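All remarks here apply to the structure that follows.
What follows is calculated from the coordinates using simple rules that are stated; it is not laboratory data. A quick note: this is a predicted structure, and the numbers were derived from the prediction, not measured. Here Cβ is always computed from backbone atoms with ideal geometry, including for glycine, and neighbour counts include all displayed protein chains.
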Amino acid sequence: MNNLPRVVVLTGAGISAESGLKTFRDSNGLWENHRVEDVATPDAFARNPSLVYRFYNARRAQLQGQNVKPNHAHHALSSLASKLGNKLTLVTQNVDNLHEQAGSPSVVHMHGELLSARCSESEKRFYWEDGFDDTTPCPCCLKPVLRPDIVWFGEVPMYMEEIYTALSQADIFIAIGTSGQVYPAAGFVQIAKQAGAYCVEANLEPGASNALFDASFTGMASQTVPDITHKIINNSLIA
Ligand code: APR
């Protein structure tokens, strides 16, 4: 067990695209059809909470629709977790739960989760119940201060200390299905590289930081990710 590599995986919207969920910046992506400043900022929520709730309710309904299931890429990462145990840190920018549905035991949701609500005052989290809105009394303080448990633009992502610790110890860093345009996640490759990790990108096309990666797997995540995880398990990823 001791010679297994320490691996940090970062996933973005591209890994869930083949499961039927929209990405943000591809054509017809979420940010082509909605303005970030209307639905994904603290100001937007203060100004028009109903609109923000509607946006996330629609995404939650889509996630819970019958046709949305984890794909081969999510399953490959779950199998990798069963081989590497706590030597794998799976960080996602995604707010869906497809990694969990595929069986990944521990997922670091740095941008929050669609199926969770948070008290704006105590930061306590609750499983999302149908009908939650800005008038619902929070289960902890009974005030109407529940919000979607999503990290909006202008807010600090969650679990950063845990993520930076894992990056500083990584032997391998893999970024999957992310355009590399949103920080701090876009900067993880630099931190992993400084720590001496072998850095791999798996994307439909080279992302913004492609030049920093040691290897690039271009194509659909459902095909490239099982290939990458197979190579890690066989110790043949690093040429
Ligand atoms: N397989 C692999 N990659 C894919 C696939 C696929 N089937 N489909 C799309 N992609 C790639 C796209 O080429 C693109 O580079 O996934 C990437 C998706 O990029 P974005 O839409 O920018 O999503 P992401 O990088 O996850 O966005 C980061 O931005 O708006 C915020 O909080 C939101 O977490 C999100 C963050």
What list of ³J(HN,Hα) couplings, whole Hz, do you get for the stretch 208-215 from phi and the Karplus terms 6.51, -1.76, 1.60, once you set θ to phi - 60° and write x for glycine and proline?
-> 4, 9, 3, 4, 7, 7, 7, 8
If you plug each phi of the stretch 7-24 into the Karplus form 6.51 cos²θ - 1.76 cosθ + 1.60 with θ = phi - 60°, what whole-Hz ³J(HN,Hα) values come out, in order, with x for Gly and Pro?
-> 10, 10, 10, 10, 10, x, 4, x, 6, 9, 4, 6, 8, x, 9, 6, 7, 9
Stretched fully, the stretch from residue 214 through residue 126 gains (0.36 nm per residue minus C-alpha distance, one decimal, in nm) 27.6 nm
Looking only at lysines whose Cα falls under 18 Å of residue 193's and that sit 8 or more positions away or on another chain, we get 87
Per its Cα gyration tensor (rounded if a/c is under 1.5, else prolate when a/b beats b/c, else oblate), the stretch 35-117 is best filed as prolate
Take the Cα of residue 153, step 7 Å along the line toward its Cβ, and report every residue of the stretch 11-53 whose backbone nitrogen sits under 16 Å from that point.
-> 24-26, 29-48, 52
Sites residue 25 and residue 141 - FRET efficiency at Förster radius 30 Å, r taken between beta-carbons, to 0.05 = 0.20
The stretch 146-209 shape via C-alpha gyration tensor axes, a/c threshold 1.5 = oblate
Could you give me the ³J(HN,Hα) list for the stretch 87-103, computed from phi with Karplus coefficients 6.51, -1.76, 1.60 and θ = phi - 60°, whole Hz, x at Gly and Pro?
-> 7, 9, 10, 9, 10, 10, 8, 7, 9, 7, 10, 5, 4, 5, 4, 7, x
For the stretch 173-239, averaging the sequence separation of alpha carbon pairs under 8 Å that lie six or more residues apart and dividing by its residue count, the contact order in percent is 29 percent
Normalised contact order of the stretch 43-182, rounded percent, pairs of Cα under 8 Å and 6 or more residues apart | 19 percent
Full extension from residue 36 to residue 169: what is 0.36 nm times the residue separation minus their Cα-Cα distance, to one decimal in nm?
-> 44.4 nm
Quick one: which residues, 5 or more positions from residue 89 or on another chain, have an amide H under 5 Å from its amide H? H modelled 1.01 Å from N in the peptide plane, none for Pro or chain starts.
-> 7, 8, 9
